[in-house]
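Student: Here you go, one structure.
No value in this document is a laboratory result; all are computed from the given coordinates. Given the structure is predicted, the values throughout are model-derived calculations rather than measurements. Positions of Cβ are generated from backbone atoms using ideal geometry, with glycine treated the same way; all protein chains shown enter the neighbour counts.
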Amino acid sequence: MKPIRVLVVGMTATVGGIENFLMAYCSRIDPARVRFDFLTRFEHAAYPEKRAAIGKTYTITRRSEDPVRFYQEIRAFFEKHGREYDVIWDNECMFNDMTPLKLAVEFGVPVRIAHSHNPQNMDVSLKGRGQELLHRLQRLRLGRWANVLWACSEESAKWACPAMDIPAAVIPNAIDARAFRFQERVRREVRAQYGLEDCLVVGHVGRLQYQKNQTFLLDAFARLKQREPRARLMLVGDGPDLTDLEAKAVALGIDPDVMFLGVRDDVPRLMQAFDLFVMPSRFEGLGMAALEAQAAGLPCILSDAVPRAAAVTEDVSFLSPEDPDVWSERMLDVLELTELRERPDNVQRIADAGYEITTAAERLTERLEQLAERSASFRRRFLLTVLSAEKGLPAMNKARQDVQHFAAQADFVPWPLTAQDSARGDRWQQLLLLGKVCADWTKLFFKLRHEDVLLMQYPYFPVKAAPVARFAMHMLQWKGVKTAALVHDLDSLRCIGGAAARWSDQELLPRFDRIISHNERMSDYLINQGIPAEKLVNLQLFDYRTDAPMPERKLEMSVCVAGNLTRRKSKYLYSLPRTKLQWHLYGEGWKGKKQRTDICAHGAYAPEKLPEHLQGAFGLVWDGDSADVCTGVYGSYLMLNNPHKLSLYLASGMPVVVWSWSAQAEFVTLSGTGLVIDRLTELPARIAALTPEAYADMAARARAIGMELRKGRYTLNALKQIERI
């Protein structure tokens, strides 16, 4: 298999954040899978030796030096080499010049990535303001040239593309954390080299310019120096403000205690000598130097303009860069504890947070491979999600939020909607809601283009506006937009929503080009309702996103029930016979007898935290009025649907119990993840008959599938299948 060819744009002559980022990733990605070449406007671009080891470098004239020659050379490059590449990766702080992306479109580069590395303009000069104006004008059209947006943070993504109308992903500014691991021997060597044996060293790493705000840092350090004579300041980096900063240090009388070390390639070594790291930036995309400092075990004081995602350890505090006295006081507090604290080893914590370069580079490789795999028919993808405003429905919203999260990994962009799920109150509010619905679909019609993909989380809310949605779907399909629906529920079968829900299931749902159904049973039902079989994709299970610990399960006579515990939804719970089973209930609405010692109601937990709290050997998936068999509307619905509580139990590593007539009975049997019973009265005997070995096997299988659910396996597989639209 040939490696993916990627053209990297964005290397400059400065050793800065973008350059370090690119070298960190490109040098660690297997060239047998991805090959990088570089297109730069700088004759003496940073890291020439490293670039030469990675791939070819093509140099063209800078546009600011000779615009005519620039356009001639860059067009000539794409005419000769453009069709060699699968991906163009354009790394910028501002997209004031999108010529590389425009020419990539013209010469057939299928995947065009715009990568934003800052959340605002770092250049406050007149020239910089002019570039910012061009950026603000051109970013509204970024989706015409780029079809993927990457950024170091969500703020940077919005700065690059406020409309957010192309697939976006946050790519972490990863580091080689192991290179920064604290070494006492190196610390002594560096401190001896610079005469710092008996000093308290404040360190800062960053380009010397407006964004990094070193003028404020000098003011704060001057106040610190008045109170702590042993304090020293090490500034690592270079930039346009160097002369001004040196002059200010002289004016403040602190120049003997401030070291300007310039651009260095031994930053990990220098950080061993620091006692404290500070970053008073006016704004930051993420703050890679702060991650490096934490990897070195340093306490950090950061500006509150630095994204909170940069804080991986507890030794990080955020302060507003307004009052130098506040910063000097905080620096003094930290430095006074220097001799009492040990430098922790934070390498694993950096890796767990996703900022370790080895694992991050592998994830980036996989992402590039996924993009290249779809490149032959690359389309923009959008996701429509309406959450419910109803109280007591955390599970429904949880399922939709999880789909939105995992769909983002498949480059589906959430489309912002103004209409909520339903109208409460007078006719005026209902008319206002209808107006918002019409405005949402009108905007979609004008924004979406031929071959775009629109995925809706179904049912559509507000359900009474389904006729508007059906007409809008017809118009979008006429325009060439491909449509798909991921079915969460068929409310007409649950007797929810009345005539509006029945109309939606019968008239709106069949309109989609593809439909992601729960399972084969539900697909068969939809086929019997007249939907062509070729439209249908089976989900199998709903995924369940959570970072909560997965407890180890052991065999005992106990059962867990999670969900809506009201009589209307779970009437069977109120007539459970007394047996040797202990029942653990989680959720809202329980009104059972308090004297039942075999039933323990634990209350409600946030859905993402619930898996670690669930107690019991088995999770029960049951519905209806009877404590014997599943009956009523909800019991019958189990014969078709994938209950979200089944995913919850498996995501918590808990084996399950399901009704033999339910749609999930076959899955549980084949996967070996639980018990299948005809009647609830069988359950005590079935559990009592299990051996510890048999239960341990069930629990291991449940844990394995639960880990897949946490990663979004089933959602991503279904989304891959609808690629064939």
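Student: Rounded if a/c is under 1.5, else prolate if a/b is larger than b/c, else oblate: which is the stretch 608-725, with a ≥ b ≥ c the root eigenvalues of its Cα gyration tensor?
Tutor: oblate
Student: Moving to a separate point now. Would you mind computing, in nm to one decimal, how far apart the modelled labels at Gln409 and Glu451 are, each placed 7 Å from Cα along Cα→Cβ?
Tutor: 2.7
Student: Check which residues have an amide H placed less than 5 Å from Ala562's amide H, if you skip close sequence neighbours.
Tutor: Excluding prolines and chain starts, which carry no amide H, the hits are Tyr586, Leu620.
Student: Here's another thing I want to ask about it. By how many degrees, 0 to 90 and rounded to 10, does the Cα axis of helix 427-447 deviate from the longest principal axis of the chain?
Tutor: Helix 427-447 and the main axis of the chain meet at about 60 degrees.
Student: Further question on the same structure: If amide H atoms are built 1.01 Å from N in the plane of the peptide, which residues on other chains or at least 5 residues away come under 5 Å of the amide H of Ile4?
Tutor: HN-HN under 5 Å from Ile4: Val34, Arg35.
Student: Still on this structure: Could I get the Rg over Rh figure for the stretch 591-669? Both from C-alpha atoms, Rh via Kirkwood, rounded to two places.
Tutor: 0.98
Student: Separate question: If you take every residue apart from Met522 with its C-beta less than 12 Å away from the C-beta of Met522, what net charge results, scoring Lys and Arg +1 and Asp and Glu -1?
Tutor: -3
Student: What are the radius of gyration and Dmax of the stretch 182-352, computed over its Cα atoms and given in Å?
Tutor: For the stretch 182-352, the Cα-based Rg and Dmax read 14.6, 45 Å.
Student: Moving to a separate point now. Would you grab the residues whose amide H sits under 5 Å from the one on Gly297? Only those 5+ places off in sequence or on another chain, please, with H modelled 1.01 Å from N.
Tutor: Asn346
Student: Using only the Cα atoms of the stretch 379-512, each taken as one equal point scatterer with no solvent, compute I(q) by the Debye sum, divide by I(0), and report log10 of the ratio at q = 0.12, 0.18, 0.21 Å⁻¹.
Tutor: -0.45, -1.06, -1.44
Student: Going by C-beta contacts inside 10 Å, put Val326, Val201 in order with the fewest on the left.
Tutor: Val326, Val201
Student: Oh, and also: When we measure straight from the Cα of Lys580, which aspartates and glutamates land under 18 angstrom away, once same-chain ones fewer than 8 places off are left out?
Tutor: Cα-Cα hits under 18 Å: Glu556, Asp598, Asp628, Glu682.
Student: On to the next question. Under the Karplus relation 6.51 cos²θ - 1.76 cosθ + 1.60, θ = phi - 60°, what is the ordered set of whole-Hz ³J(HN,Hα) values for the stretch 570-575, x standing for Gly and Pro?
Tutor: Karplus-based 3J(HN,Hα) across the stretch 570-575 equals 10, 5, 4, 5, 7, 10 Hz.
Student: From the helices alone, meaning DSSP H stretches of at least four residues, give me the mean residue ellipticity at 222 nm for the chain, per-run term -39500 (n - 2.57), in deg cm²/dmol to the nearest 500.
Tutor: Helices in the chain give a 222 nm mean residue ellipticity of -11000 deg cm²/dmol.
Student: While we're here: Going by alpha carbons, how many degrees (0 to 90, nearest 10) lie between the helix axis of 126-138 and the longest principal axis of the chain?
Tutor: 20
Student: Given a cut-off of 18 Å, name the pairs among Lys56/Lys80; Lys398/Lys609; Lys447/Lys482; Lys482/Lys720; Lys609/Lys645; Lys102/Lys479 whose C-alpha atoms lie farther apart than that in the structure shown.
Tutor: From the list (Lys56/Lys80; Lys398/Lys609; Lys447/Lys482; Lys482/Lys720; Lys609/Lys645; Lys102/Lys479), the Cα-Cα distance tops 18 Å for Lys102/Lys479.
Student: Quick one: net charge around His81, please, counting Lys, Arg +1 and Asp, Glu -1 for every other residue with C-beta under 14 Å from its C-beta.
Tutor: Net charge in that neighbourhood comes out at 0.
Student: Now, a different point. If I take R0 = 35 Å and measure r between the Cβ atoms of Cys495 and Glu608 in this structure, what FRET efficiency does the formula 1/(1 + (r/R0)^6) give, to the nearest 0.05?
Tutor: For R0 = 35 Å, the calculated efficiency reads 0.70.
Student: Ranking Lys464, Lys447, Lys158 by Cβ neighbours within 10 Å, fewest first, what do you get?
Tutor: With the fewest neighbours first, Lys464, Lys447, Lys158 line up as Lys447, Lys158, Lys464.
Student: If you line up the long axis of helix 394-409 against the longest principal axis of the chain, both from Cα atoms, how many degrees apart are they, to the nearest 10?
Tutor: With rounding to tens, the tilt is 50 degrees.
Student: Stokes-Einstein diffusion coefficient for the chain at 25 °C in a medium of 0.890 mPa s, Rh from the Kirkwood formula over Cα pairs: what value in µm²/s?
Tutor: After rounding, the answer is 85 µm²/s.
Student: If you don't mind, another one. Provide Lys580, Lys225 in ascending order of the number of other Cβ atoms located within 10 Å of each residue's Cβ, fewest first.
Tutor: Lys580, Lys225
Student: Here's something else I'd like to know. Viscosity 0.692 mPa s, temperature 37 °C: what is the translational diffusion coefficient of the stretch 87-224 from Stokes-Einstein with a Kirkwood Rh over Cα pairs, rounded to a whole number of µm²/s?
Tutor: Diffusion coefficient, whole number: 182 µm²/s.
Student: Now, a different point. For the stretch 4-170, what Kirkwood radius comes out of the mean inverse Cα-Cα distance, in Å?
Tutor: One over the average 1/r among Cα pairs gives 16.1 Å for the stretch 4-170.
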